[in-house]
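The values are calculated or read from the model by the stated rules, or taken from the named source; none is laboratory data. If you're wondering where the values come from, they're calculated on a predicted model, not measured in any experiment. A quick note on method: Cβ atoms are made from the backbone with ideal geometry, for glycine too, and the neighbour counts reach across all protein chains shown.
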């Protein structure tokens, strides 16, 4: 037995087998449902059930509260259909998503961008195409069955010369990894990474990508949440649509200290070439050595100070769950931002996902 899931207002439909996961079925059908952690922790896949019955799996209260449940909201990443259902998700577009694949990748190079941030360039197989939307992420498939997710930091694969044959061009994706001490994967990356190491990945994943609009856009990043924002910036810069390139765009990047703005100079160089982009870095704990003359405090509050009325804007936020949650709440409550114009990817670590008891 299978059930039909209809997404309004796009009228997109897909089927889900009895007992099957709603989000997974949507991904497999190429329906662009929003999602992030896929583990009931971030709330990115939250949407309203208009009709039908679902069985809601374990999740964190911050992602879906008891009040949310009472008002008919569900998390598609941990819900199964018990009948035909109709969901409301204005973020769903009437377009298919890139095909999700499992494939091997080879480490081409690594570079430490900050004491706790590593840039990895991964060579894609020459025999397969790998398409993705700027802003999406990939999963590393670890030997013990666990997965670790990281956003792709370039809008399209980089074309570089092969290390083994300079006459051959290869394609690479770029990732920005923050070291989580004791982390199963990042400990290996920062302490015992091998030259030309082979990994298995799955992707592309996620519903964080640019939506068509004619509104001023605000990009909001904390820490390595800058990675998918960088991909979005590259996507706009390379667009052949002059109206998109000329749209007002503000990047707010929050970090503790200056060294945490690990590609600060890259952004400054982009601003010199692209006047439509405004860059506002914000430090929460600048050191004396930083000699910081810029903005301080919480990055989402800096947005509200500059844009007290967000009713005509579109926001893309990426980074820590606390920052994303605070921005979504305050932008709507204090700035009048329509909730369906807030797109986010919360970087949920393993520690985040187990920090609260499942509900």
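Each row is one residue, and each column tells you yes or no for (1) at positive phi; (2) free of Cβ contacts under 8 Å to residues at least 40 places away in the same chain.
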site	(1), (2)
30	yes, no
42	no, no
55	no, yes
59	no, no
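Of all the criteria given as (1) within 23 Å of residue 136 (Cβ to Cβ); (2) under 21 Å from the mean Cα position of the chain (by Cα), the one not satisfied by residue 270 is (2).
Would you call residue 41 buried (at least 20 other Cβ atoms within 10 Å of the Cβ), in contact with a helix residue (DSSP H, G or I) (Cβ under 6 Å, 6 or more places away or on another chain), within 30 Å of residue 193 (Cα to Cα) and not assigned by TED's automatic domain parsing to the domain that holds residue 224?
Details: buried (at least 20 other Cβ atoms within 10 Å of the Cβ): yes; in contact with a helix residue (DSSP H, G or I) (Cβ under 6 Å, 6 or more places away or on another chain): yes; within 30 Å of residue 193 (Cα to Cα): yes; not assigned by TED's automatic domain parsing to the domain that holds residue 224: yes.
Criteria met by residue 41.
One residue stands out in the stretch 64-82 among those that are in contact with a strand residue (DSSP E or B) (Cβ under 6 Å, 6 or more places away or on another chain) and part of a loop (DSSP other than H, G, I, E, B): the one that is surrounded by the most Cβ atoms within 10 Å (Cβ to Cβ), namely 64. Looking across 193, 175, one residue alone is under 30 Å from residue 340 (Cα atoms) and not assigned by TED's automatic domain parsing to the domain that holds residue 260. It is 175. Of the helices (runs of 4 or more DSSP H) lying entirely inside the stretch 184-292, those carrying at least 1 residues that are surrounded by fewer than 22 Cβ atoms within 10 Å (Cβ to Cβ) and free of Cβ contacts under 8 Å to residues at least 12 places away in the same chain are 186-191, 242-246, 264-273.
Going by the structure shown, is residue 158 outside the structural domain of residue 303 (by TED's automatic domain parsing), surrounded by 19 or more Cβ atoms within 10 Å (Cβ to Cβ) and within 18 Å of residue 123 (Cβ to Cβ)? Here the answer is no, as residue 158 does not meet what is asked.
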